[in-house]
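Okay, so here's the structure we're looking at.
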Amino acid sequence: MPAPPSSHEAMGLTEPGQGSRAVPEGWVNTDGKLPINVSGELEAKGAPPGGRRRHRELVSVLEAA
């Protein structure tokens with residue numbers, strides 16, 4: 001899932017008001033001018049979405065025990 005346009009703007013990757021153009025115009029594609037997360041990170045490798053959050057929750061529970 002691509003980052004919301006406001007994220008592109010907040011990170012300084014696009015000018016204010018231009019973030020909504022990044023995805024439909026292909027700026028963030030692998031061959032685009034702003035390739036973002038081209039590896040697909042953990043979801044591309046089969047990890048469930050939100051897995052990191054669940055891991056942190058589990059660690060905090062175990063540390064509290």
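The table that follows gives values for the structure above.
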item: Extension gain from H55 to S20, taking 0.36 nm per residue of separation minus the Cα-Cα distance; result: 9.4 nm
item: FRET efficiency, 1/(1 + (r/R0)^6) with R0 25 Å, evaluated for S7 and S39 via beta carbons; result: 0.90
item: Placed amide H near N29: partners under 5 Å, 5+ positions off or other chain; result: L34
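Every number in this text was worked out from the coordinates using simple rules, so none of it is lab data. If you're wondering where the values come from, they're calculated on a predicted model, not measured in any experiment. For neighbour counting, all protein chains shown are included, and Cβ atoms are generated from backbone atoms with ideal geometry for every residue, glycine included.
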